[in-house]
Amino acid sequence: MKRLAIIGSGDLGEMICYHAKNDNHFEIVGFYDDFSDTDSIVSGHKILGKIDKIENDFNNDVFDFIIVGIGYKFMEFRKNIFEKYHQKIPFANVIHSSSYIDNSTILGEGIFILPGCTVDKKVKIGNNVLLNTAVVIAHDSEIKDHCFISPAANIAGKTIIGSCCIIGINATIIDNLIIAPYTQIAGGAVVINTISESGLYAGIPAKFKRTLN
Ligand SMILES: CC(C)(COP(=O)(O)OP(=O)(O)OC[C@H]1O[C@@H](n2cnc3c(N)ncnc32)[C@H](O)[C@@H]1OP(=O)(O)O)[C@@H](O)C(=O)NCCC(=O)NCCS
């Protein structure tokens with residue numbers, strides 16, 4: 001059985017641990033976390049050490065794959081940590097078996113797909129993307145690297161979501177749009193126009209609210 005280590009032991013790290021163990025048949029080796037004590041236990045697994053220990057442990061055959069368990073509150077860190085180890089250490093895709101991922105989907109690395117998602121024809125999902133429960137991505141759309149798509153978000157066909165976007169719970173993005181990188185869409189928003197300026201957008205139809213912090 002392949003051995004998985006998770007970067008980050010907060011809520012997202014624990015979610016990955018839960019599904020990877022119970023559905024994907026990875027053996028969980030433990031977590032790397034700069035803010036938790038080494039050797040303490042999270043979800044029944046050890047904190048293996050700080051993040052800067054990862055490369056050394058991989059070279060010493062502690063694990064086979066790694067995945068980023070850092071969520072939408074730390075998007076820049078989420079991106080940087082993936083890029084630091086990409087192409088040095090293999091990243092796992094943890095894709096829940098209850099999700100439908102069409103065979104034509106092009107998948108990157110380090111992707112976490114939770115239960116009940118639907119990914120239709122010729123969708124492209126970049127590296128380090130998270131699709132939370134019951135997300136729908138319709139045909140020919142693209143989700144670029146590091147995006148965090150919250151539960152029950154719906155993205156219609158031929159729409160491109162730029163890198164490092166956060167799409168809120170139950171948001172709807174209609175077809176043929178392009179969403180700028182580093183855009184956040186609030187929960188329940190309905191996006192009906194292309195977004196060229198990054199920032200927070202909310203409401204129906206979604207309007208620019210403010211720049212991101
Ligand atoms: C978008 C969000 C993060 C903004 O939170 P915030 O920083 O506290 O919001 P702000 O107070 O800066 O709001 C800015 C404006 O957007 C509005 N707004 C924020 N969220 C909104 C929403 N979901 N729908 C409609 N308007 C919203 C606010 O009312 C405010 O409007 P105003 O400037 O006209 O008064 C939050 O409201 C949200 O929707 N979160 C979704 C969470 C989610 O998807 N969680 C799933 C994780 S798995």
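Some observations on this one:
- Checklist (1) within 16 Å of the ligand (Cβ to nearest atom); (2) surrounded by fewer than 20 Cβ atoms within 10 Å (Cβ to Cβ) applied to Lys122, failing item: (1)
- Test for Thr133: is it in contact with a strand residue (DSSP E or B) (Cβ under 6 Å, 6 or more places away or on another chain) and either over 18 Å from Tyr201 (Cβ atoms) or within 16 Å of the ligand (Cβ to nearest atom) (or both): no
- Any hit, segment 54-62, residues being crowded, with 19+ Cβ neighbours inside 10 Å, under 24 Å from Gly108 (Cβ atoms), at pLDDT 95 or above and outside the structural domain of Leu114 (by TED's automatic domain parsing): yes
- Filter pass, Ile173 being modelled with pLDDT of 95 or more and either surrounded by fewer than 23 Cβ atoms within 10 Å (Cβ to Cβ) or at positive phi (or both): no
- When residues in segment 15-45 are screened for being buried (at least 17 other Cβ atoms within 10 Å of the Cβ) and either of a type in the set (Asp, Glu) or not assigned by TED's automatic domain parsing to the domain that holds Lys73 (or both), 1 of them pass.
- Residues that are under 20 Å from Glu109 (Cβ atoms), surrounded by fewer than 17 Cβ atoms within 10 Å (Cβ to Cβ) and not acidic (Asp, Glu) were ranked within segment 63-78; the one that is farthest from the ligand (Cβ to nearest atom) is Phe77.
- Within segment 1-13, the residues that satisfy the criterion of being closer than 21 Å to Phe74 by Cβ and not in a helix (DSSP H, G or I) are Leu4, Ala5, Ile6, Ile7, Gly8, Ser9, Gly10.
- Ile16 part of a strand (DSSP E or B) and touching a Gly at 6+ places or on another chain (Cβ under 8 Å): no
Residue-wise test of (1) assigned by TED's automatic domain parsing to the domain that holds Leu131; (2) surrounded by fewer than 20 Cβ atoms within 10 Å (Cβ to Cβ); (3) within 18 Å of the chain's Cα centre (by Cα).
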| position | (1), (2), (3) |
| --- | --- |
| Ile161 | yes, no, yes |
| Cys164 | yes, no, yes |
| Ile169 | yes, yes, yes |
| Leu177 | yes, yes, no |
| Pro181 | yes, yes, yes |
| Ile185 | yes, no, yes |
| Ala189 | yes, no, no |
| Ile195 | yes, no, no |
| Arg210 | no, yes, no |
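- Selection within segment 163-207 - within 11 Å of the ligand (Cβ to nearest atom), of a type in the set (A, V, I, L, M, F, W, C) and closer than 12 Å to Ala153 by Cβ: Ile166, Ile167, Ile169, Ala171, Ile185, Ala186, Ala189, Val190
The values are calculated or read from the model by the stated rules, or taken from the named source; none is laboratory data. No experiment lies behind these values; they were computed from the predicted model shown. Cβ sites come from the backbone with ideal geometry, for glycine too, and all protein chains shown count toward neighbours.
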